[in-house]
Structures are given as structure tokens and as C-alpha cells.
1. I need the full set of residues from the stretch 44-68 which are outside any helix (DSSP H, G or I) and of a type in the set (Val, Ile, Thr), in order please.
2. Go over the candidates Ala91, Ala41 one by one and state the one that is open to solvent by less than 60 Å² (accessible area, probe 1.4 Å), under 30 Å from Val172 (Cα atoms) and either in contact with a strand residue (DSSP E or B) (Cβ under 6 Å, 6 or more places away or on another chain) or part of a helix (DSSP H, G or I) (or both).
3. State all residues of the stretch 60-84 that are farther than 28 Å from Ala46 by Cβ and modelled with pLDDT of 90 or more; if no residue qualifies, say none.
4. Residue under question is Ile108, and the condition is that it be touching a residue at least 40 places away in the same chain (Cβ under 8 Å) and surrounded by 14 or more Cβ atoms within 10 Å (Cβ to Cβ); does it hold?
5. Would a scan of the stretch 15-37 turn up a residue that is out of contact with any Gly (no Cβ under 6 Å at 6 or more places or on another chain) and over 23 Å from Gly171 (Cα atoms)?
6. Which of the following residues is in a helix (DSSP H, G or I), within 26 Å of Val44 (Cα to Cα) and not aliphatic (A, V, I, L, M): Gly145, Gly118, Gly132?
7. Which ones in the stretch 69-86 are outside any helix (DSSP H, G or I) and open to solvent by 80 Å² or more (accessible area, probe 1.4 Å)?
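The values are calculated or read from the model by the stated rules, or taken from the named source; none is laboratory data. Remember, predicted model here, so these are calculated numbers, not experimental data. Because the Cβ atoms are built from the backbone with ideal geometry, glycine has one as well, and the counts that use them run over all protein chains shown. Side chains are part of the model used for accessible areas, which takes the heavy atoms of the whole protein and leaves out ligands, DNA and RNA. Shrake-Rupley method; radii C 1.70, N 1.55, O 1.52, S 1.80 Å.
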Amino acid sequence: MTTAPARPSTLANGIRVAIGVGGLLALIVGVLILVWPDKTAMVVTAIIAVYAIAAGLVYAGLGIFTKGRGGWSRVGHILLGLLFVLAGVIALMNLGQTAVFLAVLIGILVGIMWIVEGVVALSTLRDAPSIGWSIAYAILSVVAGIVLLFAPLWGAVLLWWILGVSLVVLGVVNIVRGFRYGSKRGWDEGDQGQR
């Protein structure tokens, strides 16, 4: 007499819930980015500012309460902590301006990375399986990087919008995955194959 294998319904349900909740959160954040891009950017900026304040307090605490460090190390930790706290407080007091500053900074950094990536692609042409595609990629990467350097705020807004769309799509896909997880293995209640 053979016995049916035990159904891992608890594990499957836990995974389903995790995938579904992750998808729902991604969907919500994506919709918020698309509907209220500026407000969502300010919330992200506020989270970063609160993190800076918390990190500053930790650094200052290390400088004040750590006995095994030398004097300069303690002073350095305290100054770094105060700098983090000051930056976080200033960011919280000017969320809109800080969000714009962070967007411009991210736009500039991505532009520089794209230019460097294009140059690296050109420097590895002899190892590339397709020289034509590699040259096209390198040129596109350098041009996109230069455009982003000249319009970093516009580029950051476009990247923010793309992030919103991506989160909506990935969120919907994960919600569907969550509902369907385990159905091929016979873990669903309606599956008659395991009986």
C-alpha cells in the first residue's frame, strides 16, 4: 500500500503569500511613482534623510562611548556623526529641494557611468564576438551618457518614470505568480492528481 506524499501546503502558502505581498508592494510603489512622482521622490528623500540622521547618531555614539579608540578616531567619528545628522536635518527641512538635488546627482552619476561603460566596450572590441554590435552599443552608451550629463534632471525624471512602470509590471507579474505558485506540483486544493 502506497501512501500519498504529504502536501507541503504550509510552505507553499508561505511562499505564495511572500511572492504576492512583494508583488503588491511593488505595484503600490510603482503606481505611486507614476501618479505622484514628486511626492514619492520626497518620501524616498525623507527615508534617506532619516537614515542619515540614524547613521550620524551611531557614528557620534561610537565616538563618545568607545573607550578603545584613540583621540583622533573618536573625534573623527563624532564629527562624521554630526555631519550626517546635520545633512539629514537639512534634507528634512527642504525635502523638495533635496529631492531635486538627489535627482540631479543621480542623473550625473548615471551619465558618467554610461560614458565609462561605452569607453570600456570600445576598449574590449578585440574580445567581442560581434564587433559591429559592440561599437553600436559603445556609441549609444557614450551619447546617452553625454545627453544625461547635459540634462541630468530630465534624465533622472525619465529613469524615475521607467522605474515606476517597471515596478507596476513586475508587481502584477509577482501577484499572478503568487496565486499560481505550486499549482504544477499538485499543491492546490483542486488538484486531483495526488489522490
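1. First, the residues of the stretch 44-68 that are outside any helix (DSSP H, G or I): 66-68.
Answer for the stretch 44-68, where residues must be outside any helix (DSSP H, G or I) and of a type in the set (Val, Ile, Thr): just Thr66.
2. Values: Ala91 fails: under 30 Å from Val172 (Cα atoms).
Checking each option against the conditions leaves just Ala41.
3. The one that is farther than 28 Å from Ala46 by Cβ and modelled with pLDDT of 90 or more: Val75.
4. Yes: the conditions hold for Ile108.
5. Checking the stretch 15-37: not a single residue is out of contact with any Gly (no Cβ under 6 Å at 6 or more places or on another chain) and over 23 Å from Gly171 (Cα atoms).
6. Exactly one residue qualifies, and that residue is Gly145.
7. Arg69
Per-residue answers, yes or no, for (1) of a type in the set (Gly, Ala, Ser); (2) over 30 Å from Gly61 (Cβ atoms):
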residue	(1), (2)
Ile90	no, no
Gly118	yes, yes
Val143	no, yes
Leu167	no, yes
